[in-house]
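Visitor: First, the structure itself, so that you have it in front of you.
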Amino acid sequence: MATKHDFHKVVIGRSEELTFVDFNIVKVPAKTDTGAYRSAVHADNIVEKDGELTFRLLGGHPVCGSMATSVTTDKYKIVRVENSFGYGEDRYEVRLRVKLGSKIFLAPFSLADRSAKIYPILLGRKLLNHRFLVDSAESSLNRTELKKKYGILFPKDEEGRK
């Protein structure tokens, strides 16, 4: 049942395109996951040294590796992330300015290896709550077309059928 607060929310689908505003990285495929608490973004070359965290945002991802950019920040923390099977790991979390739909905002992302997944970004509830309504029947992206466009042949596609 819709509430009066829902009318300020943008409707998004199960997958969308996201922009990293500060890095001018546009149309990055993102998967909406209302079961995930935290959002995650693919990153590699993650190094913490002297109070700074350096990483390559999207570096080496099969879909968006060509968009990679190096990021250095002193604003980060370590968070505990658990998957649906109860397996947990510590990850770095950073805040990145993004545009999703018509909204631009600062959002927390844990840095993860998503190289075995079609979508380099996972959008969790912490990012979605109070901003978006998710209609799982909608999608601005088609995973089969993404795989075809980028010539992706994962031996095991962890997010769907081959």
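Please treat every number below as a calculation from the coordinates, not as lab data. Predicted model only: the values in this text are computed from it and were never measured. Positions of Cβ are backbone-derived with ideal geometry, glycine not excepted, and every protein chain shown enters the neighbour counts.
Visitor: Once phi is turned into ³J(HN,Hα) by the Karplus curve 6.51 cos²θ - 1.76 cosθ + 1.60 with θ = phi - 60°, what whole-Hz value does each residue of region 11-27 show in order, with x for glycine and proline?
Guide: Using θ = phi - 60°, the values come out as 8, 10, x, 6, 8, 9, 9, 10, 10, 8, 4, 5, 10, 6, 9, 10, 6 Hz.
Visitor: Oh, and also: Given points 7 Å out from each Cα along the Cα-Cβ axis, report the Phe85 to Asn24 separation in nanometres with one decimal.
Guide: Label-label distance for Phe85 and Asn24, simple model: 4.2 nm.
Visitor: Which residues' amide hydrogens lie under 5 Å from the amide hydrogen of Thr69, considering only partners 5 or more residues apart or on another chain, with H built in the peptide plane?
Guide: Here the answer is Leu57, Gly59, since their amide H atoms fall under 5 Å of that of Thr69.
Visitor: Could you pull out the pairs from Lys77/Lys117; Lys9/Lys49; Lys75/Lys126 whose alpha carbons sit more than 29 Å apart here? Write down the numbers at each step before the final one.
Guide: Working: Lys77/Lys117 24 Å; Lys9/Lys49 39 Å; Lys75/Lys126 18 Å.
Result: Lys9/Lys49 exceed 29 Å.
Visitor: Here's something else I'd like to know. Determine by what factor the alpha-carbon radius of gyration of region 1-94 differs from 2.2 N^0.38 Å, reporting the quotient.
Guide: Details: Rg = 15.8 Å, N = 94, 2.2 N^0.38 = 12.4 Å.
Here the answer is 1.28, to two decimals.
Visitor: Give the distance, in whole Å, between the Cα centre of region 16-35 and the Cα centre of region 47-108.
Guide: When both Cα centres are located, 12 Å separates them.
Visitor: Please list, in chain and number order, the residues 5+ apart from Glu138 or on another chain whose amide H is under 5 Å from its amide H, with Hs placed from the backbone.
Guide: HN-HN under 5 Å from Glu138: Arg14.
Visitor: Between Glu52 and Ala137, what is the label-to-label distance in nm when each label sits 7 Å out along the Cα-to-Cβ direction?
Guide: Inter-label distance under the simple model: 5.1 nm.
Visitor: Another question, then. When Lys and Arg each count +1 and Asp and Glu each count -1, what net charge do the other residues less than 14 Å away from Arg80, Cβ to Cβ, add up to? Each step should come with its number before you reach the end.
Guide: Details: positive: Arg38, Lys77, Arg91, Lys126; negative: Glu82, Glu89, Asp90, Glu93.
Surrounding charge for Arg80 is 0.
Visitor: Once the Cβ-Cβ distance between Arg97 and Arg125 is put in as r, and R0 is 22 Å, what FRET efficiency do you end up with, to the nearest 0.05?
Guide: Numbers: r = 19 Å, r/R0 = 0.88.
My answer for the efficiency is 0.70.
Visitor: Beta carbons within 10 angstrom, averaged per residue: use that to sort the peptides 121-129, 98-106, 46-54, highest first. Display every interim value, and only then the final one.
Guide: Working: 121-129: 20.4, 98-106: 14.2, 46-54: 11.6.
Peptide ranking by packing, descending: 121-129, 98-106, 46-54.
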